[in-house]
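All remarks here apply to the structure that follows.
Derivation of every value follows stated rules applied to the coordinates shown; laboratory data play no part. What you see is a predicted model, and the numbers here were worked out from it, not measured in a lab. For neighbour counting, all protein chains shown are included, and Cβ atoms are generated from backbone atoms with ideal geometry for every residue, glycine included.
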Amino acid sequence: MARPHVLVIPYPAQGHVIPIMELAQCLVKQGIKVTFVNTEVNHKLVTSNSLVKDGFGDLMQLVSVPDGLEPWEDRSDLCKLTTSILQTMSCKLEELIETINKEDSSNVTCIIADDCMGWAIKVAKKMGIRRAAFWPASVATLAYVMSFQKLIDDGIVNNNGVPINDQMIQLSESMPPIKSTNLPWTCFQELGTVKAFFKVVVEAVEAASLTEWFLCNSTTELEPAAFSLYPQLLPIGPLLASNRLADQAGHFWQEDATCLPWLDQQPSCSVIYVAFGSFTIFNQTQFEELALALELSNRPFLWVVRPGMTKETTASFPEGYVERVGSRGRIVSWAPQQKVLAHPSVACFVSHCGWNSTLEGVTNGLPFLCWPYFADQFDNETYIRDIWKTGLGFNKDEAGIITRGEIKGKVEQLLGDNSFKAKAMDIKEKVTSTIKEGGCSHKNLGNFIEWIHNKDTYAPYNQVEICE
Ligand code: UDP
């Protein structure tokens, strides 16, 4: 029988590439051939990262298709990027699959597409290829996406997805309320970006109806209410490199692993880890307040200051700062985050609450200080703060700044109250048990892998036991 050959395609953002790469690696581990499709720009970044070369055997090939923008164009302009993807990538993907099927020893037998790339599911259907959708963010976020028509019918958003009023909404009694302006597609400043992302949402929901599997990087332990709204959504998470006992892959920046020996030298449960993912941008005043707060905290800290994290080209620290904090503070441009969070010296995580960072903190039993920037991060903060009760948020002053005093105070409050750590450890136990033998996410992933191997199996919902 021909070996299964799965084509995997993420939305071109760091927080989307990392988790679907984990899924791809799980498949490779099970003897499945994978072609991983990045956009050309991201392909260059991922393949220039040395970890990638080490981690993959012959079963994984990394390829690229153009995103339709010129090389010099700004990909942080999400309206432009998203519009270009929707207009141009579908033909390119079809061409790629035709080439693979002509030249490769095995035809593509299945496509796993990020549901934010719903058009790729349509390409699979058109070409008669089996298909699965993958959702890298929280299922609560996905529930809003899946409910877009209801939100239009209820007069919450118009036909372009734009909120009609600024109001609180709640999808079900057991889900937390959310502002109509904080929906996954309404949270952008620019109206054009809201409308562009709403097109992605509409495509995502159409694609969901064309897939045989809808796999989610979450667990029912974390979000039971959201999963119960849409029973076709299957938890297979959290997908982490540590599940494979391997290094992280799919990163756009080279990690600075020198912070690991530095962590070894710090007392147990003492370090404040500060990282805001791949997208967050700070203004200089806020950046300086955070720097000074970490200095004032009198605790060891590890802070990721990504290139481009401030509006200025290079972040400027307050005068004499680096000398003053000395070896008590470690600043890196990109950390091996999963390893950092698993380190016994880390006491808490000051995070933007991206879903991957949230899962990584949760699976390591860490309390959070939540500093959301955009998109689903506000909703993730609500889960951390109000539902799981494993963290605190920050208040801004009249000028919209989170002051050094506020930050220092919240660090002390979080680390001075053992209940946060106790709850975090409790949730860690529940969440990690789901990915172990016998756990729900483990079973669902196992069933999915079985389905990929066996081309005579159809329609998972009535063929295999689904664990919800
Ligand atoms: N990450 C990392 N090193 C860093 C900062 C982030 O490896 O210094 C990883 C982090 O572990 C996570 C991803 O980058 O897997 C960020 O995804 P997330 O959903 O948290 O945020 P986004 O970048 O999408 O805003």
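Data table
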{"read-out": "MRE, 222 nm, helices only [DSSP H, n ≥ 4, -39500 (n - 2.57), over the chain, to nearest 500]", "value": "-12500 deg cm²/dmol"}
{"read-out": "Share of pairwise Cα separations in the chain, more than 32 Å, in percent", "value": "38 percent"}
{"read-out": "Least to most buried among Cys440, Cys110, Cys79 (fewest other Cβ within 10 Å first)", "value": "Cys79, Cys440, Cys110"}
{"read-out": "Using a Förster distance of 45 Å, the FRET efficiency for Lys179-Trp72 (Cβ separation, nearest 0.05)", "value": "0.80"}
{"read-out": "Cα centre as origin, Lys/Arg/Asp/Glu Cβ charges: the chain dipole, Debye", "value": "600 debye"}
{"read-out": "FRET efficiency, Ser419 to Leu210 (Cβ-Cβ, R0 41 Å, nearest 0.05)", "value": "0.35"}
{"read-out": "Least to most buried among Leu191, Leu59, Leu142 (fewest other Cβ within 10 Å first)", "value": "Leu191, Leu59, Leu142"}
{"read-out": "Distance from region 295-372 to region 216-242 (C-alpha centre basis), Å", "value": "27 Å"}
{"read-out": "Where labels lie 7 Å past Cα in the beta-carbon direction, separation of Val63 and Asn160 in nm", "value": "3.8 nm"}
{"read-out": "Helix 14-29 axis, angle to the chain major axis (alpha carbon atoms, nearest 10°)", "value": "50 degrees"}
{"read-out": "DSSP-defined beta bridges in the chain - what % are antiparallel, rounded to 5", "value": "5 percent"}
{"read-out": "Order of Val325, Val271 - criterion: other Cβ atoms within 10 Å of each residue's Cβ, fewest first", "value": "Val325, Val271"}
{"read-out": "Förster radius 22 Å - calculated FRET efficiency between Lys436 and Gln232, Cβ distance, rounded to 0.05", "value": "0.35"}
{"read-out": "Cα-Cα pairs of region 298-449 separated by more than 22 Å (percent)", "value": "48 percent"}
{"read-out": "Reciprocal of mean inverse Cα separation for region 241-350 (Kirkwood radius, Å)", "value": "14.6 Å"}
{"read-out": "Degrees, to the nearest 10: 440-453 long Cα axis against longest axis of the chain", "value": "30 degrees"}
{"read-out": "Neighbour count of at most 13 Cβ within 10 Å plus DSSP loop: longest trypsin sites (Lys or Arg not before Pro)-free window in the chain", "value": "1-310"}
